[in-house]
Every structure is written in C-alpha cells, then in structure tokens.
Amino acid sequence: MAPLQKLGGWSKGLVALVCVVGLLPSIGCGDNVDAKEALVVTDVVTGWFDAGIVGSKNKLVPSVSFRVKNKAASSIHSVQFNAVFRVIGDAEELGSAFVRGIGADGLASGGTTETYTLRSALGYTGEQPRAQMLQHSEFRDAEVEIFAKHRSEQWVKIGQFKIDRQLLIR
C-alpha cells in the first residue's frame, strides 16, 4: 500500500473522504421534500363499497379512491399512504387501510400518481338491500383522513373527506 501524501497538512485520502461524506446527503440519500407541502390529494371518490354477504347479511364498508400530485419543485420518493376511517363524531376508528404508494423511482415535480383505492374492513351489515342500508335511520355518516409518510419521517395528514352516501361496486 502506497503511503499517503500530504496536501497542506491534509492527506489526499482524508480530502477524498471529506468530499465523499460531504456529498452523501445529496447523492442516493433521497430528496429533501416536505410531504405535507409537496403532496396534494386529487380526484377523490368516496362511498360505501359492497363487500358482499357476511353471515347472511349484506355488508358495506367505507371506501376512498384518490390520486396524489407532487406540487414541489423536485421529485419525491418512497411515500406510503394510510387512510383512517371514522364515523363522524366518534373518536374510535372504523378501520384503516395502507398502501406503499410512491416507490424508489419517485414522482416527478408536477406529476400525478396512479389511482389508489383504500377500504376499511369494518362497516355496516344489514338484511335489507344495500341501497336501502344507506337510507336506514341507524346509518351514520363517516369520514376518512389520508396520511402520508415520506421515507422514515412522521405521518402527516394530507387530506380529510366525508364518505358520500353512494353505493360503490368497484
């Protein structure tokens, strides 16, 4: 192994190491984009999905479909999305759903994702036809909060929407 040569008190090896370490935040470590500021939820469709028959009763669960647009000046990578469903006025969850979302390839500035559809596993069951369930006197409206998690950062809320009283079959 060749000895290190000094450059004004610094060895070439040390200079190279300092340069590489100094560049690491900008190379391969990802973007410095704030998900709450960068991402906007678009093309939202909410409703009650026909989840089939459970124990001889019809089942409806809250559902949300949406896309996400990147309004930041740079691309954003590695974003997960979580939808939390609640009956309006209740603190307790009516369920949640998760999707990995934007992968390592990223979403370019101004770009929009594919459509994500997230549904709760919990909902309402009834013996009446599904369309009539939505009009039942004991039926209570729900809402969904959509959260994003960029890389290893904390979850941030990027949207909140009322679940429409409409029957969804897809």
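Could you derive backbone 3J(HN,Hα) for the range 51-60 from the dihedral phi with the Karplus parameters 6.51, -1.76 and 1.60 (θ = phi - 60°), listing whole Hz in sequence and x where the residue is Gly or Pro?
Going residue by residue, I get 8, x, 10, 10, x, 6, 10, 6, 10, 10 Hz, with x marking Gly and Pro.
Show me, for the range 65-79, the HN-Hα J-couplings you get by feeding each phi into the Karplus relation (A = 6.51, B = -1.76, C = 1.60, θ = phi - 60°), rounded to Hz, glycine and proline as x.
So the J values, rounded to whole Hz, are 10, 7, 10, 10, 10, 8, 9, 6, 6, 10, 6, 10, 10, 6, 10.
With the cut-off at 23 Å, tell me which of the pairs K71/K157; K69/K157; K57/K157; K59/K149; K69/K149 have Cα atoms farther apart than that.
Violating the 23 Å Cα-Cα cut-off are K57/K157; K59/K149.
Please report, for the Cα atoms of the range 31-168, the Rg to one decimal and the Dmax as a whole number; what are they, in angstrom?
That works out to 16.5, 52 Å for Rg and Dmax.
Give the separation of the Cα centroids, the range 135-156 to the range 71-88, in Å.
Using only Cα atoms, the two centres lie 11 Å from each other.
No value in this document is a laboratory result; all are computed from the given coordinates. Owing to the predicted nature of the structure, the values given are computational and were not obtained by experimental measurement.
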